[in-house]
Amino acid sequence: MSYILATILVALATISGVNIQSSMQVALAQGLPLSSPACGQVVHGNITLTANLVCEGDGLIVGGDNTNINLNGYSISGPGDNSSKVGIAVPHSNNVVIAGSGAIRSFQAGVLITGSENTNVHRVTFEGNKIAIFMTGSIGSTIEQNFIGPNTIGVASHSSIGVQIHANMMTGNDLAGVTLVNTDKGQVDANSIGGSRNGIFLDAQSTKNTILYNNVLKNDVDINNADGLPLNINGNELLKNNCFVSQPSGGCNPQ
């Protein structure tokens with residue numbers, strides 16, 4: 001399972017990066033306005049959706065720091081989870097907020113955060129995506145109070161630092177609710193995660209992460225530290241999680 005998850009994440013990081021650059025160049029060349037967002041548009045500043053977006057390509061691409069996107073109860077829908085398209089991309093932009101209520105559906109990645117610091121995604125519904133929220137090369141992302149599922153993977157972090165995954169409801173994400181690959185010093189807490197092959201998965205290169213106060217139930221493996229790697233090898237902590245099956249054993253505190 002660790003090989004499968006790592007392979008998916010590396011492949012998506014490579015493919016999505018190419019598409020973001022292409023979409024950004026097209027939007028800038030067309031000089032699209034920033035006031036009423038359309039599919040494929042680069043946006044910056046305070047953005048509020050006023051209608052649903054149904055996109056054949058990428059959804060929105062953040063084009064600068066301090067951007068706030070309010071879905072305002074509307075949805076962004078894409079061409080399917082087997083496409084190479086992204087719902088909202090946050091490339092190399094800091095202090096970005098993506099807020100619901102609202103939904104992001106049917107993309108390869110619902111939200112892709114790459115090379116960015118202090119992104120916050122909250123109160124958004126994600127369903128029908130390959131990965132609902134995917135962070136790669138990011139620092140200090142906060143993912144909180146979202147409804148995530150069903151997707152193939154709920155929240156994924158690759159080569160990132162300090163991710164905070166807090167108080168999300170994750171149901172029916174096939175491979176994993178949360179998966180951390182080469183990710184350090186993050187915290188996963190107060191989430192409800194069920195109906196996945198792995199509830200929470202950490203690979204061997206993910207170190208010094210804290211997993212606590214989660215309800216992780218009715219998964220094939222509720223909490224999986226690198227397919228059973230002892231916690232003292234990569235320094236992750238499992239504290240007061242309500243679950244039944246962990247690898248290595250002893251990582252659950254059923255209530």
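The values are calculated or read from the model by the stated rules, or taken from the named source; none is laboratory data. The structure displayed is predicted, hence computed values, not measured ones. When we count neighbours, we look across all protein chains shown, and the Cβ atoms used for this are built from the backbone with ideal geometry, even at glycine. Surface areas here come from the heavy atoms of the whole protein model, side chains and all, with no ligands, DNA or RNA. Shrake-Rupley method; radii C 1.70, N 1.55, O 1.52, S 1.80 Å.
If you go through the stretch 32-70 and keep only what is assigned to a loop (DSSP other than H, G, I, E, B) and buried (at least 18 other Cβ atoms within 10 Å of the Cβ), you end up with PRO37, CYS39, GLY40, LEU49, CYS55, ASP58, GLY59, GLY63, THR67. Residue count for the stretch 82-114 satisfying the condition of being buried (at least 20 other Cβ atoms within 10 Å of the Cβ) and touching a Lys or Arg at 6+ places or on another chain (Cβ under 7 Å): 4. Of all residues in the stretch 94-115, those being over 17 Å from MET169 (Cα atoms), part of a strand (DSSP E or B) and more than 13 Å from the chain's Cα centre (by Cα) number 1. ILE233 falls short on exactly one of the conditions (1) at pLDDT 95 or above; (2) within 19 Å of PRO248 (Cα to Cα); (3) of a type in the set (A, V, I, L, M), and that condition is (1). Can you tell me which residue within the stretch 116-147, out of those that are open to solvent by 30 Å² or more (accessible area, probe 1.4 Å) and of a type in the set (Gly, Ala, Ser), is nearest to GLY172 (Cα to Cα)? By that ranking, first place goes to GLY128. Within the stretch 214-244, the residues that satisfy the criterion of being in a loop (DSSP other than H, G, I, E, B) and open to solvent by less than 60 Å² (accessible area, probe 1.4 Å) are ASN214, LEU217, ASN219, ALA226, GLY228, LEU229, GLY235, ASN236, ASN241, CYS243. May I ask you to verify whether GLY172 is farther than 23 Å from SER246 by Cα, open to solvent by less than 40 Å² (accessible area, probe 1.4 Å) and in contact (Cβ under 8 Å) with a residue 12 or more places away in the chain? Taking the combined requirement at face value, the residue does not satisfy it.
Selection of the stretch 71-91 for residues being assigned to a loop (DSSP other than H, G, I, E, B) and over 16 Å from the mean Cα position of the chain (by Cα) yields LEU71, ASN72, GLY73, TYR74, GLY78, PRO79, GLY80, ASN82, SER83.
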